Amino acid sequence: MAIARPVRALGFTAVVLWCFFVWQLFKPIATPMGPGASSFLPKERDPNLDPTGEPEGVLTYASEGYAPGPEGTARIDATLLALVRNEELDGMLQAMRDLERTWNNKFNYPWTFFNDVPFSDEFKKKTQAETKAECRYELIPKEHWDVPSWINNDLFLESTKILKEQQVQYADKVSYHQMCRWNSGLFYKHPALANTQYYWRVEPNVHFFCDVDYDVFRYMQDNNKTYGFTINLYDSPESIPTLWPETEKFIAEHPEHIHENNAMKWLTDKTRRPDHNEKANGYSTCHFWSNFEIADMNFWRSKPYEDYFNHLDRAGGFYYERWGDAPVHSIALGLLEDKNRVHWFRDIGYQHIPFFNCPNSPKCKGCETGRFTDGEAWLHREDCRPNWFKFVGMG
């Protein structure tokens, strides 16, 4: 008896779908990153693949004490902090929406925005509309932003030519050098932050993926933490060739400032990226990617850090080279602070193009668990977290 054509078609389709399903299950994993990509892939298993919960220690959860306005008596002296321009409004709104949705709608910590020019009415209106919390709009003092008097402009211009030849990004942008210097040693001196101890730095166009249900600022306070990070990278050694030699001069002049439980091995490792260590004259170039940082400003206000920043500032490398606030902050923390007071916020899903921190948690949506980058394969080499885990741990 002949089988009707529709039935045959249906059967054929079922067989094809079944074969496709089996192939999907057992096909070899593709490497879309191109020939030779495997040489850049990490040798270590990413701990973000393991189930991730809240950190150990004392945790404080949302309550009526976190209501907006003066009723919010549970909040401590802390703020969400952004250095942002008027033209970056759309990117700032996107970042605010993410962080408000995943965390700050529960705690209503204030936002403090900084700019070297006045904020527009549009910027103020649209950012305030994104949050129930207070928004503050602050102008950076001219003396904090201007190029310092001891910088030789001719030498600066010649230096930027050399840096551009070495393909150092943003080398010829004066505003970028100003930003790095301000973020390194001046932002916490602004009068608007005089009564603020903790901050969470937020930049435009970043993404937050995971619901966080505890007060991260109280976590820092109650668990004796100075600094929190998500992403740990290698820096461009061409941008900081004399940063470590100047640091060594500082160490020789101020041995009393070096903490006995420091992270010197992390700062000077040359096993993983010997080329970086050589070009940076003894510095591994490992640093916390400071576009995300949650920190206690009392550390930056301390005498050891003030002495270190002033030493670097007078050396001129914020302009003659391209010293960023990320390596400056990281070296200072690695030398001047107890390494156990630096915390990896593995449970906070975060992206700043092209890198991710994406934990394995049901609280996370919108990022691929354990994914480090969505860029070229060679970017996997920039991950310095394995060195931090090796020399310090995952606390």
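With the simple model of a label 7 Å out from the Cα in the direction of the Cβ, Lys303 to Asp213 spans 4.5 nm.
At a Förster radius of 45 Å, what calculated FRET efficiency corresponds to the Cβ-Cβ distance of Ile251 and Glu143, to the nearest 0.05?
The pair Ile251/Glu143 has a calculated efficiency of 0.95.
Semi-axis lengths, largest first, of the ellipsoid equivalent to the chain are 40, 29, 22 Å, with √(5λ) applied to each eigenvalue of the Cα gyration tensor.
Angle of helix 325-336 to the longest C-alpha principal axis of the chain, folded into 0 to 90 degrees and rounded to 10: 70°. For the chain, the longest principal axis of the alpha carbon atoms and the long axis of helix 153-165 meet at an angle near 20°.
With neighbour counts taken as other beta-carbon atoms within 10 Å, the residues Val216, Val117, Val147, Val168 rank, fewest first, as Val117, Val147, Val168, Val216. Less than 19 Å from a label point 7 Å out along the Cα-to-Cβ axis of His311: which backbone N atoms in region 173-187 qualify, by residue? Inside the label zone: 181, 184-186. Taking other residues whose beta carbon is less than 11 angstrom from the beta carbon of His257, and scoring Lys, Arg as +1 and Asp, Glu as -1, yields -4. Of the GluC sites (Glu not before Pro) found in region 174-280, the ones in coil according to DSSP and having at most 14 other Cβ atoms within 10 Å of their Cβ are Glu260. Going by neighbour counts of Cβ atoms within 10 Å, the residues Met96, Met179, Met264 line up, fewest first, as Met264, Met179, Met96. Over region 246-340, Cα pairs under 8 Å with separation of 6+ residues give a relative contact order of 43 percent.
How high is the relative contact order of the chain? Use alpha-carbon pairs under 8 Å, at least six apart in sequence, and give a whole percent.
22 percent.
Karplus-derived 3J(HN,Hα) values for region 309-317, using 6.51 cos²θ - 1.76 cosθ + 1.60 with θ = phi - 60°, are 4, 4, 4, 5, 4, 5, 5, x, x Hz; glycine and proline are entered as x.
For region 106-147, the set of trypsin sites (Lys or Arg not before Pro) satisfying both a DSSP loop assignment and a count of at most 16 other C-beta atoms within 10 Å is given as Lys132.
For the modelled label position 7 Å from the Cα of Asp275 along Cα-to-Cβ, which residues of region 221-235 have backbone nitrogen atoms closer than 18 Å? Under 18 Å, as judged by backbone N against the label point of Asp275, lie 233-235 of region 221-235.
Distant-in-sequence amide contacts of Glu293, defined by a placed amide H-H separation under 5 Å and a gap of 5 or more residues or a different chain, comprise Arg201. Pairs exceeding a 29 Å alpha-carbon distance, out of Lys189/Lys225; Lys189/Lys365; Lys161/Lys279; Lys161/Lys249; Lys142/Lys265; Lys270/Lys365: Lys189/Lys365; Lys142/Lys265; Lys270/Lys365. Rounded to the nearest 0.05, the FRET efficiency derived from the C-beta distance between Ile258 and Gln169 at R0 = 30 Å is 0.40.
Read-outs throughout are calculated quantities, based only on the coordinates presented, and are distinct from any laboratory measurement. In this text, all values refer to a predicted model and were calculated from it rather than measured experimentally. Note: ideal-geometry Cβ built from the backbone for every residue, glycine included; neighbour counts use all protein chains shown.
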